[in-house]
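The values are calculated or read from the model by the stated rules, or taken from the named source; none is laboratory data. The model shown is predicted, which means the values in this text are computed figures rather than measured ones. Heads up, the Cβs are rebuilt from the backbone with ideal geometry, glycines too, and the neighbour counts pull from every protein chain shown. Heavy atoms of the whole protein, side chains included, go into the accessibility calculation; ligands, DNA and RNA do not. Shrake-Rupley method; radii C 1.70, N 1.55, O 1.52, S 1.80 Å.
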Amino acid sequence: MATKAVRPKKRKIAVRGPGKTPIKLIVNGETHELLVEPRRTLLDALRKDLGLTGTKRACDEGTCGACTVLLDGKPIYACMALALECEGRSIETVEGLARNGKLHPIQAAFIEEDALQCGFCTPGQIMSVKALLDENPNPTLEDVKRAVSGNLCRCGAYPKIFKAALRAAELLRSGS
Amino acid sequence: MPKVIKTRTEFEGHVFEEYVVVEGEGLSAWDAQTPLRYIGRQIPRTDGPERVTGKAVYTFDVQLPGMLYGKILRSPHPHARIKSINTQRAERLPGVRAVLSFKNAPKLSFRQGQTFLFDEIVRYVGDEVACVIADEEEIAEDALELIEVEYERLPFVLDPEEALRPEAPNVQPSGNLLNGKPDIYERGDLDRGFSQADLIVERTFRTQCALHNCLETHGSVALWEGDALTVWDSTQHIFGVRAGLAQLLGLPLHKVRVIKRYMGGGFGSKNGLGKYTVIAALGAKATGRPVKIMLDRHEENLAAGNRPSTIQHLKVGARRDGTLTALELKAIVNAGAFCTWPPSVGGPARQLYLCPNVKTEQYTVFTNTGPLSAFRAPGYVEGTFALESLMDELAHELKIDPLELRLKNYAEIDQTTGRPYSTKGLREAYERGAKLFGWKALTSNPSPVAHLRERGGAVGERATKLRGVGMASQIWSGNGMPPAYAIVKINPDGTATVVTGTQDIGTGTKTVLAQIAAEELGFPIEKISVEIGDTQLGLYAPLSAGSMTVASVGPAVRLAAHEARQQLLDVAAQVLEVPRESLAICDGLLSSPALKEAVAIKDVLEKLENFMIIGRGAREPNPEDVAVNTFGAQFAEVTVDTETGEVKVERIVAVHDSGRVINPLTLSSQIEGGIIQGLGYALFEQRVVDRNTGVVVNDNLENYKLPTALDIPEIVFEMVDRPDHRANNLGAKGVGEPPIIPTAAAIANAVANALGIRIYELPLTREKILKALKRV
């Protein structure tokens, strides 16, 4: 019962293809030049062309949230965007959170609260929480539930995901 | 010398005897006086950092140089014969490297001969027809559309009751009833039992087909190096996949390696070898390049298994005081097109309550629908819903509190074997659960429904929300079993490595095994690494199913750690020149009254160059004179919106007994997860098959409704947490499946309590609630 439909705003893009076409993607602050078919999704470009497999593919049709990444700071389902549409825009994935070998407070909170079981939905959950906390550093439980309501977890880690998000908010507010 | 003995094991409601080799000395479970540093502590997952950073490599993430992708063409018909198949146009598409079908692939028997890898007869919508291997997934998908298949449509049957009729088309050549006869269990004298009853209640319950929807779909990557095959597989049983591949492909075991590092859920659906794995291996052989086949979400929901639908005719007889005199169950299970492991729907009826006269009869029926597989506590979730619903009806008829009725029929022994339980904390679970929930206060009013309605709205206001409470009980195995092997190596630098062939399917196995080794060795947990998920490690461990991983593999790890510790003490005593008995190991340090100060293990072992300590452990047999089971009770409070029909689960209180708790943190995740899956099953999960075409109309996550963040109730739980000293050397039993077993039953009982009307069919959708309310 996903309630949060997140899709990138459609922007006018030049006609390209058929066949592979060069594009530039800015992922976690680094620019990558790659050659993809116009039909390649952002998700597959990240996973297959850039080897960033932290972003998971679970439904490939915008219904589960496992591939949530941030596009210009907003959470989107990477399977619902073409790589071409994201050219020149800022893309943030789970691989970009830890800095200098130190986990991001959201990641640390997910481990401490055991907010994961199989871990397959975890990168998407973490990115949804990141988007929430970037915008609202002091969320309520209801805010958290809404923020991750478009991220399915089949193992049922939800109660702990809520706890982890609130704990991460606390950690971030206290600057640790 | 190793000794061969016979041992009795129970797996998912099936009991069997097997031979087991016993070696080494036994260890008894830690007693209450032993100070424990790691067992029973909240240890965060040791592999948490990999999982939260995206570094964990799941099968879906494996990318090998030169890797090709496979996509499977599936039958659009529920039953058909393939008259012809033309793959030429597909083969000509640039980027296509091979197309496999029954025309060019070996005819390999699958599922005990019920189908072939590529069969000329397709038996459900989604059955495998052909596979394209191509440079890119997109090309493979394009090529699927170019394969021309001519089908001769055959008559089909989707409904298990219809399939049992003599005129029904045969799904399997041998007939539609598995094994040609029902599976019958009987004890006592049923007729006499019913004649002794003051009251007989008889109802028919129906449960739906539920889909696992593991977020990581089923799939494999296959790589040949010479005549040796390596397969990465999203599986709960690496050794089972290895055995299956070796047998089908005619390979010796030492030429097949199966790896599963991380896995995105299984829930029973990944217990065995899948066709996609064999197809990937054949495709890799044919092209000389590694091949990856991961199912997409739709295929996952057609061909990767399900919790089968059931029809359960249940009849119970009782005396006026609530004592059960007879219990009869006739269950029909919709197996789908293939079935080699039927769920045990009659398990709860046979085991849960004291009743001398019991008969269960199960008809497992083939139909032209996607095949069943195990799904977290297969059979028991379905069977418990029916039994615990009927117990509530009986309680209502007899005007006895539902909890009282259950206590009245409490079983002190396992009636299927006559053995006493090793431990049984169900009474305590009932009592603690009732107290935590406030059961007495909520049910004490002579008219509970009216009482609860008052809580739904202000006096005088027309209540549109009905509140109700209900409870249900749980029995399951979770005893674990041999064989399972482990070694513990102590490295020269004072670190230790646990090696065993089990797999962590998301339950926290790795962490728990590290705790056990750290405890036994006396090492800090940071110094322990755990190597699992690879058959090449060489140490067999059973499938991760049946709530048996910790109770099977954990004891072997403890024995291995114990042996390693003994060797370490032998060596240290000689190196340090102190009496062996005087030495103690704590926190990775050796101490002795004979030493001035504690010595690091590293300092001893490094004197011995690259000497390595290797301790071995093998799971001991199960006890012969007791039944080892897990128990629990759950209480549910719901509100039902009489205008929309929506059921909201407000809270669940759960108390379970699975012996000793090794890690309360990861355990709590299992409990919550089980309850949440049970909630989805109770309220909205249901595969819908079109009656006219056999097509699954909700084979996606848009229309197959999983619980989301917004559906989660307050969950309160406690564990009885009493070590079961007879179970194994840890005193621990499984906890993966128990929490899902009573949830749907407890919710259904709460909804019946709220409405004053019972709905006999899951899931409890809004449509059913509104229909029921119109009858008021």
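Restricting segment A:28-71 to residues that are in a strand (DSSP E or B) and out of contact with any helix residue (DSSP H, G or I) (no Cβ under 7 Å at 6 or more places or on another chain), the residue that is surrounded by the most Cβ atoms within 10 Å (Cβ to Cβ) is A:HIS32. The single condition among (1) surrounded by fewer than 17 Cβ atoms within 10 Å (Cβ to Cβ); (2) more than 29 Å from B:VAL689 (Cα to Cα); (3) in contact with a strand residue (DSSP E or B) (Cβ under 8 Å, 6 or more places away or on another chain); (4) not basic (Lys, Arg) that B:GLU141 does not satisfy is (2). Looking at A:THR53, is it facing another protein chain (nearest Cβ under 7 Å) and hydroxyl-bearing (Ser, Thr, Tyr)? Taking the combined requirement at face value, the residue satisfies it. In segment A:124-151, the residues that are farther than 23 Å from A:ASN28 by Cβ and outside any loop (DSSP other than H, G, I, E, B) reach residues that are at pLDDT 95 or above and open to solvent by 70 Å² or more (accessible area, probe 1.4 Å) with C-beta atoms within less than 8 angstrom, at least six apart or across chains, in these pairs: A:LYS145/B:LEU710; A:ARG146/B:LEU710. Residues in segment B:661-673 that are more than 10 Å from chain A (Cβ to nearest Cβ) and surrounded by 24 or more Cβ atoms within 10 Å (Cβ to Cβ): B:ILE662 only. Residues in segment B:36-54 that are more than 7 Å from every other protein chain (Cβ to nearest Cβ) and over 16 Å from B:LEU665 (Cα atoms) were compared, and the one that is least open to solvent (accessible area, probe 1.4 Å) is B:LEU36.
Quick one: B:ARG616 ticks every box in (1) within 28 Å of B:THR502 (Cα to Cα); (2) crowded, with 22+ Cβ neighbours inside 10 Å except a single one, so which number is it? The failed condition is (2). Elements of the type helices (runs of 4 or more DSSP H) sitting completely within segment B:68-186 and holding at least 2 residues that are more than 27 Å from B:PRO343 (Cα to Cα): these cover B:88-92, B:137-144. The condition (being open to solvent by 10 Å² or more (accessible area, probe 1.4 Å) and either more than 30 Å from B:LYS103 (Cα to Cα) or touching a residue at least 40 places away in the same chain (Cβ under 8 Å) (or both)) is satisfied by just one residue among B:ASN306, B:ASN334, B:ASN301: B:ASN334.
Highlighted here are the strands (runs of 3 or more DSSP E) found entirely within segment B:430-535 that include at least 3 residues which are at pLDDT 95 or above and open to solvent by 10 Å² or more (accessible area, probe 1.4 Å): B:485-490, B:528-531. Hey, any hits in segment A:97-117 for a residue that's within 13 Å of another protein chain (Cβ to nearest Cβ), assigned to a loop (DSSP other than H, G, I, E, B), among the charged types (D, E, K, R) and open to solvent by 20 Å² or more (accessible area, probe 1.4 Å)? Yes: segment A:97-117 contains one or more residues that are within 13 Å of another protein chain (Cβ to nearest Cβ), assigned to a loop (DSSP other than H, G, I, E, B), among the charged types (D, E, K, R) and open to solvent by 20 Å² or more (accessible area, probe 1.4 Å). Looking across segment B:377-416, the residues that are crowded, with 24+ Cβ neighbours inside 10 Å and at positive phi come down to B:ALA377, B:GLY379. For segment B:550-583, filtered to residues that are open to solvent by 20 Å² or more (accessible area, probe 1.4 Å) and charged (D, E, K, R), the residue that is farthest from B:GLU597 (Cα to Cα) is B:GLU563. In segment B:488-508, the residues that are outside the structural domain of B:LEU521 (by TED's automatic domain parsing) never reach a residue that is small (Gly, Ala, Ser) and not in a loop (DSSP other than H, G, I, E, B) with C-beta atoms less than 7 angstrom apart, at least six apart or across chains.
Restricted to segment B:231-248, and to residues there that are out of contact with any Pro (no Cβ under 9 Å at 6 or more places or on another chain), of a type outside the set (A, V, I, L, M) and surrounded by fewer than 22 Cβ atoms within 10 Å (Cβ to Cβ), the residue that is farthest from A:ARG57 (Cα to Cα) is B:GLN247. Per the listing B:VAL345, B:VAL291, B:VAL316, the residue uniquely touching a helix residue (DSSP H, G or I) at 6+ places or on another chain (Cβ under 6 Å) and under 25 Å from B:PRO76 (Cβ atoms) is B:VAL291. Take B:LYS270 and decide whether it is in a loop (DSSP other than H, G, I, E, B), of a type in the set (D, E, K, R) and within 14 Å of chain A (Cβ to nearest Cβ). The answer is yes for B:LYS270. Residues of segment B:683-690 include none that is among the polar types (S, T, N, Q) and within 11 Å of another protein chain (Cβ to nearest Cβ).
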